[in-house]
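The values are calculated or read from the model by the stated rules, or taken from the named source; none is laboratory data. On a predicted model such as this, the values are computed, not experimentally measured, just so you know. All Cβ positions, glycine included, derive from the backbone under ideal geometry; neighbour counts span all protein chains shown. SASA here: full protein model, heavy atoms, side chains in, ligands and nucleic acids out. Shrake-Rupley method; radii C 1.70, N 1.55, O 1.52, S 1.80 Å.
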Amino acid sequence: MRWRRDLATGKGPSERVYLITSLDVFDATPAELAAWIRGRWGIENLLHHVRDRTFREDDSKVRTGTLPRTMASLHNLAISLFRQNGETNIAAALRRTSRDYRRPLTALGLT
């Protein structure tokens, strides 16, 4: 079972979540399975959520050829550079970087 809570109201639904795996019942403990699931959501929250919210990828009109993959790669590069430089708020880092054309080049070590 998984419970979620709305921070504003303090209430929320519970839901039953099923996991499908090729592992035998003796190959992994429930704690290991839960850790794998949390690890998956950690990736989702650190990368995909930032791409969706900051770069608004879900609203993008880029849909043909290799351009969507190229844009995702560029977004990943920007996020990785900011995180490597200790930034925790990617949107604020993007705004700050966009004010001076030399900052992205400096972050890449090109100046």
### Task
Return the residue satisfying two criteria in turn: it lies in the range 36-56 and is of a type outside the set (S, T, N, Q), at pLDDT 85 or above and open to solvent by less than 100 Å² (accessible area, probe 1.4 Å), and of such residues it is nearest to Asn89 (Cα to Cα).
Val50
### Query
Restricting the search to the range 16-41, which residues are of a type in the set (A, V, I, L, M) and in a helix (DSSP H, G or I)?
Ala31, Leu33, Ala34, Ala35, Ile37
### Task
Name the single residue, out of those in the range 57-68 being loosely packed, with under 12 Cβ neighbours inside 10 Å and among the hydroxyl-bearing types (Ser, Thr, Tyr), that is nearest to Asn89 (Cα to Cα).
Thr66
### Message
Looking for something under 14 Å from the mean Cα position of the chain (by Cα) and under 28 Å from Trp3 (Cβ atoms) - is there at least one such residue anywhere in the range 87-104?
### Response
yes
### Of residues in the range 80-111 being of a type in the set (Gly, Ala, Ser) and assigned to a helix (DSSP H, G or I), the one surrounded by the most Cβ atoms within 10 Å (Cβ to Cβ)
Ala93
#### Entry: Pair list, Cβ < 9 Å and 6+ apart or interchain, from the range 1-29 residues that are under 20 Å from Trp41 (Cα atoms) and open to solvent by less than 80 Å² (accessible area, probe 1.4 Å) to residues that are part of a loop (DSSP other than H, G, I, E, B) and of a type in the set (Lys, Arg)
Gly12/Arg4; Gly12/Arg5; Pro13/Arg4; Ser14/Arg4; Glu15/Arg4
### Message
Glu15 - would you say it is modelled with pLDDT under 80, in contact with a Lys or Arg (Cβ under 6 Å, 6 or more places away or on another chain) and over 21 Å from Ser98 (Cα atoms)?
### Response
yes
